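To start, the structure under review is shown below, and the notes come after it.
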Amino acid sequence: MELFVVNRNKDIADLSANYLFREITQRKNQFLQKNPDAKLINLGIGDTTQPLSSSVVDSFIKKAHALKTPEGYQGYGDDFGLLELRKQIASKLYNNRVDEADVFISDGAKCDLGRLQLLFDRTARITIQDPSYPVYIDTSLITGKNEIVYMSCSPENHFFKNLDELPSTDLIAICSPNNPTGAVLSHSQLKSLVDEAKRRKSVILFDAAYSNFIQDSSCPRSIYEIEGAKEVAIEINSFSKLAGFTGVRLGWSVVPKELTFNDGTSIQKDWIKIITTFFNGASNLAQQGGLACLSNDGLIHSKNTALYYLENAAALKQVFEQNGYKCYGGVNAPYLWIDLKGQKSWDVFDHFLTYAGLITTPGIGFGPSGEGFLRISAFAHKECVVEAVSRFENIFKKNKKEVYLTNF
Ligand code: PLP
């Protein structure tokens, strides 16, 4: 084969592939080949299952109808998003703690996490939680940042390390409520993070994609609930888990005007440059849907949907705890993080797949500190969770007869 002359991007070539979900799919397919009638239940992915609210769908339809009229047709919108949506986010979700001019609408948190990395020089060092959502590491490496400090998070340190225990870095990526551990940071933990970042002059990238799951009113839903956070933190968030928009695609980032680089120039100004270069604004249909999500009805629907998933989490947590497993998360987050009492996470994954047709996620896929843990996602239909609980019970009773053929 004739080779092209162009060099491969070295930063992508250097990326060590994360095989987690590919490996899960491979093992699942092998199992299905041997057991074609198996009724698998997937508790392994972080994707929503519950339908959108009627008011959101009505808003899409209304906008779509307007688009077919000469008066209602709209092409490109504002690169930063509809002003009304930015205002509603600032007032309804941040209680006006942030300025609407600092809210930038996007096509989702993952896309923004990638674009935000472009703001910082490739020599920037970054602290990342271990275990963590793999995107923080991969976007760092793809943008040439290979000096990564890992903040090892375990039950022993309540899934958080004070920064003064770690070397100083330019950037700190933090996710609360956390994927995969389900841990949520307390006010005092976040305050210590902000204070220490200020002392070190580091910028925090705070991923709050699961903030609507927080039930404990003493835990901050936004880093801006901490005084002074606007001087050190960018917050990334999304309608994906707030309103089931994983397929619709809509998110936002708050990039406060107070933030500067070490030469005194504005981070927000560069962010605007990145948005206008790499992005042409979020879909106008999705943004209308976003406005409907933030109406009173929409917010009630989101709250009830979060409670639905949290009930799933509670049922799953109970079956593990009753069988002697320590189980973290699931209270302010849709993920359970199960301590496997020394067993390897892929072994337990295989066990649940083989004997119960249940797909989970091995903790090792989220980083070395995830070994010995299993992530279970509560994003599932209730009937599936009821059936999954009964299959887990069977497994724990050492009843290894095949339980994966049950219809539900
Ligand atoms: N941040 C975290 C911690 C996530 O777990 C996810 C998706 O699972 C995302 C961001 C991506 O969200 P979005 O759908 O808005 O791209």
Inset, instruction - Could you please give the count of residues in the range 260-282 that are in a loop (DSSP other than H, G, I, E, B) and either closer than 15 Å to Ile105 by Cα or touching a Lys or Arg at 6+ places or on another chain (Cβ under 8 Å) (or both)? - result: 5
Inset, instruction - For residues that are within 15 Å of the ligand (Cβ to nearest atom) and of a type in the set (Val, Ile, Thr), scanning just the range 205-246, find the one that is surrounded by the most Cβ atoms within 10 Å (Cβ to Cβ). - result: Ile223
Inset, instruction - For Arg249, indicate whether it is within 16 Å of the ligand (Cβ to nearest atom), surrounded by fewer than 21 Cβ atoms within 10 Å (Cβ to Cβ) and not in a helix (DSSP H, G or I). - result: yes
Inset, instruction - Please indicate, with yes or no, whether at least one residue in the range 99-108 is away from the ligand (no atom under 16 Å from the Cβ) and of a type in the set (Val, Ile, Thr). - result: no
Legend entry - Exclusive hit being without any contact (Cβ under 8 Å) to a residue 24 or more places away in the chain, under 20 Å from Phe261 (Cα atoms) and not aliphatic (A, V, I, L, M), set Asp112, Asp121: Asp121
Legend entry - Filtered residues of the range 15-30 (kept if of a type outside the set (S, T, N, Q) and either surrounded by 12 or more Cβ atoms within 10 Å (Cβ to Cβ) or part of a helix (DSSP H, G or I) (or both)): Leu15, Leu20, Phe21, Arg22, Glu23, Ile24, Arg27, Lys28
Inset, instruction - Considering only residues that are more than 16 Å from the ligand (Cβ to nearest atom) and not in a loop (DSSP other than H, G, I, E, B), look in the range 172-189 and name the one that is nearest to Ile148 (Cα to Cα). - result: Gln189
Legend entry - For Ile105: the one exception among (1) hydrophobic (A, V, I, L, M, F, W, C); (2) in a loop (DSSP other than H, G, I, E, B); (3) under 24 Å from Thr260 (Cα atoms): (2)
Inset, instruction - Would you mind finding the one in Asp121, Asp78, Asp112, Asp47 that is touching a strand residue (DSSP E or B) at 6+ places or on another chain (Cβ under 9 Å), over 30 Å from Tyr355 (Cβ atoms), assigned to a loop (DSSP other than H, G, I, E, B) and among the charged types (D, E, K, R)? - result: Asp78
Inset, instruction - Any residue in the range 347-368 that's touching a residue at least 24 places away in the same chain (Cβ under 8 Å): show its pairings with residues that are of a type in the set (Asp, Glu) and open to solvent by less than 20 Å² (accessible area, probe 1.4 Å) at Cβ separation under 7 Å, as long as the two are six or more apart or on different chains. - result: Gly367/Asp130; Pro368/Asp130
Inset, instruction - Have a look at Gly298, Gly342, Gly290, Gly324 and point out the one that is of a type outside the set (A, V, I, L, M, F, W, C), under 28 Å from Gln117 (Cβ atoms) and either modelled with pLDDT of 95 or more or not in a helix (DSSP H, G or I) (or both). - result: Gly290
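The values are calculated or read from the model by the stated rules, or taken from the named source; none is laboratory data. These figures come from a predicted structure and were not determined experimentally. Cβ sites come from the backbone with ideal geometry, for glycine too, and all protein chains shown count toward neighbours. The accessibility values were calculated without ligands, DNA or RNA, using every heavy atom of the protein model including side chains. Shrake-Rupley method; radii C 1.70, N 1.55, O 1.52, S 1.80 Å.
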